[in-house]
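Heads up: the structure comes next, in structure tokens.
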Amino acid sequence: MKKSILILCIGLFSIPMLAQGGMWIPMLLEQLNEEQMQGLGMEMSAADIYSVNQSSLKDAIVHFGGFCTSELISPNGLLLTNHHCGYGQIQSHSTIDHNYLEDGFWAADYSEELPNTGLSATFINRMEDVTRQVLTGVTKEMTARERQSAIDKNLETVKAGIQKEAHQDVAIKPFYKGNQYFAFVTTTYLDVRLVGAPPSSIGKFGADTDNWVWPRHTGDFSLFRIYAGADNMPAEYSETNVPYKPKHFLPISLDGVEPGDFTLVFGFPGSTNQYLPSSAVRQIMEIIDPVRISIRDKSLAVLDRAMRQNPETKIQYASKFARIANGWKKWIGEVQGLEASNALAKKEKYEADFSEMVSSKPAWKTEYGSLLKDMKILYKDLDPYAKAREYFLEISSRNVEGLSVAGYFKTLIDRYDNNGAAGFTAYAQRLSPYLEGMYKDFDPSVDQEIFTQLIQMYFEDVDPQYLPADLYGAYTKVGTTVPTWAGAFYSQSGITSWANVSSWLDMEPEKAVELIRKDPLIGFYMELLEAYQEKVAVHYDQINEQLDELQRKYMAAQMEVFPKRRFYPDANSTLRVTYGQVKGYSPMDAVQYEHVTYLDGVIEKYVPGDYEFDVPNRLLELYRSKDYGQYADTNGKIPVCFIGTNHTSGGNSGSPAVDANGNLIGLNFDRVWEGTMSDINYDPDICRNIMVDIRYVLFIIDKYANAKHLVDEMELVHPKK
């Protein structure tokens, strides 16, 4: 590791001027991206986007709660993010009398803005490349564990040596599969208050049906505000705190977008895997995603029937259905997108080129010649364990709530065994409020049917060698049926009732543990878990550890063998820039999608009283009167959403879309279904990110909510004029 990966990254390269895609490190834009970005139409410099010495766009970008992105849009700490990012906070403030999810919420002034316990807003003050320090003493001869041990020791020393203010924190993250390390100096504000949110009929318009789909008509936004102490520094919530004064906030363009316009999305994408070998992509396409999809097919079918038969069940399971369907729909699109984009063939062609280059140099051939072959063998070895693992995790942790709760009680028993009554009590106190909320929306009869369907799949589709021997033997006995099991477990288990569960959590630990150990559903879960840990997890982890090390070497090899190619690191929830253009696309033969949707489309989809497609009366009135104010497009219509070629992922929810001059034009919230495979294989022909047009956001705030005082805080501009 004497040769810096950074040098490999920014050495001699040629830039195809119209190439797009990638999640780029902000501090490296000048070396790697500025020329290309300006070739796409950007008027800014790299220093306008990221700078330590002067205010820049990065100073307006905020990690919202650690799971979404948000941005500052006023000099008074006003934050814009997605409705789905703020959904938990909006829900927590909602009551029967003040249902902000249904009716929306708009604070008339600072005094009405609502505090949110546990919600944070984090800024990136600066980044530093600390690769050399972190990899000090690391040699090629080390095993993976020896290497990681040396790195772990270095990390604490490096972290302690980074200069920072008392109110700042430091985090060090690996990049390029552990070949490079960056330190992030951050400032986190802890007083973040809810300012405004449209009703769900606007903020979640289209809900599950339109999720991952274009054309889209969702006003997915909410407003918060950062508060600080009198010195503008982070402070715990206090009535005496004042709105934060930012180094930079985003001006807002009212000029709209046209095809070909430059777009930049700035945020915290969660996780991608762009550099997997073809053998890994094959496993995702043929094993992992199909298992997930087939399990959720069954689960969603049960929920759909139950929700259609009972209005109360529909309310109880609406959020759970959406959560399960979100991943299900994404994985279907991912597989179809990988197939449609010929991802495997492209990977194989790239690997053939890589192998040819490696063979051209004896040193490379010695060091890297067997990488792809070794990974292919290991992924083949991993296949059966990967399949069994997905079955276990999907069924026990993500779809059958009875088994999920059993998992929590297994942990409670472990805490008691390891730490006695004190360990039990501490975990029970944490668990109780969560489970109380869960049981409000739990129907044991529905869960029993999901259990029946999925356990049947588990015992039929997973190789018996990976199942509990005793349970499998009982399953194959004449006359044994899963419905019989399910009926016995759910009729005799205390897990099916919050009254029983809460009594366990409140009683004396020794007695509680005795009862928990005897519970039949918990006992069934523990048999599944024991078999999974002994027959699947241990082997999966061993193989995966080897693959992680080979993947790290493969990443380093690619960067060395192809010095003219630019490599961006996979997303890891750190600050990134992705850039592209406003652009429609063709998802299939004879179909062409335009780049923008309008309020007309909302009205076309309108179904009175429908959970997904109802429209508030006030919005209907504004549409009929065409009272659009200054927010209409040049054609007199109100734009709602638009799409671009920006490479986004989970975590980019709430990210700002800015124009060539750094003005806010939209709010990122989703991807198109055909392009959900972008986490694995970004293809500029069909991968599109979906953004709320900022003019729709302002229209809803001003005309719909009569909250113009919020718009008055903002700086509205006309850069095209």
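Scanning region 38-83 for residues that are touching a residue at least 24 places away in the same chain (Cβ under 8 Å) and polar (S, T, N, Q) gives S55, S56, T69, S70, S74, N76, T81, N82. If you go through region 328-370 and pick out every residue that is touching a Lys or Arg at 6+ places or on another chain (Cβ under 7 Å) and either of a type in the set (D, E) or closer than 26 Å to E390 by Cα (or both), you end up with 3.
Residue-by-condition table, conditions (1) under 36 Å from the mean Cα position of the chain (by Cα); (2) among the polar types (S, T, N, Q); (3) farther than 26 Å from M438 by Cβ:
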| residue | (1), (2), (3) |
| --- | --- |
| V462 | yes, no, yes |
| Y475 | no, no, yes |
| A486 | yes, no, no |
| T496 | yes, yes, no |
| E510 | no, no, no |
| V513 | no, no, no |
| G523 | yes, no, no |
| M526 | yes, no, no |
| Q542 | yes, yes, yes |
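Pairing residues of region 323-335 that are assigned by TED's automatic domain parsing to the domain that holds A301 with residues that are of a type in the set (F, W, Y) and part of a helix (DSSP H, G or I), at Cβ distances under 6 Å and at least 6 apart in sequence or on separate chains, gives G333/W673. Cβ-Cβ under 7 Å, sequence separation 6+ or interchain: first residue in region 570-598 and over 20 Å from Q20 (Cα atoms), partner among the hydroxyl-bearing types (S, T, Y) and part of a strand (DSSP E or B). Which pairs? Going by the 7 Å Cβ cut-off, the qualifying pairs are Q592/S586. Of D600, D519, D541, all but one fail to be modelled with pLDDT of 95 or more, in the same structural domain as A318 (by TED's automatic domain parsing) and loosely packed, with under 14 Cβ neighbours inside 10 Å; the exception is D541.
Taking (1) more than 22 Å from A325 (Cβ to Cβ); (2) touching an Asp or Glu at 6+ places or on another chain (Cβ under 9 Å) in turn, M438 satisfies each apart from (1). Taking (1) under 21 Å from the mean Cα position of the chain (by Cα); (2) among the hydrophobic types (A, V, I, L, M, F, W, C); (3) surrounded by fewer than 16 Cβ atoms within 10 Å (Cβ to Cβ) in turn, F175 satisfies each apart from (3). Y244: modelled with pLDDT of 95 or more and surrounded by 23 or more Cβ atoms within 10 Å (Cβ to Cβ), yes or no? Spelling it out, Y244 is indeed modelled with pLDDT of 95 or more and surrounded by 23 or more Cβ atoms within 10 Å (Cβ to Cβ).
Let's see how each residue does on (1) touching a Leu at 6+ places or on another chain (Cβ under 9 Å); (2) closer than 22 Å to F67 by Cβ; (3) not small (G, A, S):
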{"position": "P269", "(1), (2), (3)": "no, yes, yes"}
{"position": "Y275", "(1), (2), (3)": "no, no, yes"}
{"position": "P311", "(1), (2), (3)": "no, no, yes"}
{"position": "I324", "(1), (2), (3)": "yes, yes, yes"}
{"position": "E334", "(1), (2), (3)": "no, yes, yes"}
{"position": "A343", "(1), (2), (3)": "no, no, no"}
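Only one entry in D614, D659 is over 30 Å from D48 (Cα atoms), touching a residue at least 60 places away in the same chain (Cβ under 8 Å) and within 28 Å of the chain's Cα centre (by Cα), namely D614. Within region 479-503, if we keep just the residues that are under 29 Å from A422 (Cβ atoms) and without any contact (Cβ under 8 Å) to a residue 60 or more places away in the chain, the residue that is surrounded by the fewest Cβ atoms within 10 Å (Cβ to Cβ) turns out to be A499. The one condition from (1) at pLDDT 95 or above; (2) surrounded by fewer than 18 Cβ atoms within 10 Å (Cβ to Cβ); (3) not in a loop (DSSP other than H, G, I, E, B) that K58 does not meet is (2). For S586, the criteria (1) farther than 30 Å from F354 by Cβ; (2) surrounded by 18 or more Cβ atoms within 10 Å (Cβ to Cβ); (3) among the polar types (S, T, N, Q) hold in every case but one, which is (2).
On the given criteria, is E286 in contact with a helix residue (DSSP H, G or I) (Cβ under 9 Å, 6 or more places away or on another chain) and surrounded by fewer than 18 Cβ atoms within 10 Å (Cβ to Cβ)? For E286, the condition - in contact with a helix residue (DSSP H, G or I) (Cβ under 9 Å, 6 or more places away or on another chain) and surrounded by fewer than 18 Cβ atoms within 10 Å (Cβ to Cβ) - is met. Taking (1) touching a Cys at 6+ places or on another chain (Cβ under 7 Å); (2) over 26 Å from M42 (Cα atoms); (3) of a type outside the set (S, T, Y) in turn, A705 satisfies each apart from (1).
Looking across region 581-605, the residues that are touching a Phe, Trp or Tyr at 6+ places or on another chain (Cβ under 9 Å) and of a type in the set (G, A, S) come down to G584, S586. When each of E549, E560 is tested for being closer than 24 Å to K376 by Cα and touching a Phe, Trp or Tyr at 6+ places or on another chain (Cβ under 9 Å), the lone residue that passes is E560. Tallying residues that are modelled with pLDDT under 95 and not hydrophobic (A, V, I, L, M, F, W, C) within region 683-718 yields 3. Residues of region 116-132 that are within 21 Å of E165 (Cβ to Cβ) and of a type outside the set (K, R): S120, A121, T122, F123, I124, N125, M127, E128, D129, V130. In region 286-312, the residues that are under 23 Å from D679 (Cβ atoms) form Cβ pairs under 8 Å with partners that are of a type in the set (K, R) and in a helix (DSSP H, G or I), at six or more places apart or across chains, as follows: I287/K387; I288/K387; V291/K387. S51 satisfies every condition listed in (1) touching a Lys or Arg at 6+ places or on another chain (Cβ under 8 Å); (2) surrounded by fewer than 23 Cβ atoms within 10 Å (Cβ to Cβ); (3) closer than 19 Å to A657 by Cβ except (3).
The values are calculated or read from the model by the stated rules, or taken from the named source; none is laboratory data. Note that the coordinates shown come from a computational prediction; the quantities given were computed from them, not determined experimentally. Because the Cβ atoms are built from the backbone with ideal geometry, glycine has one as well, and the counts that use them run over all protein chains shown.
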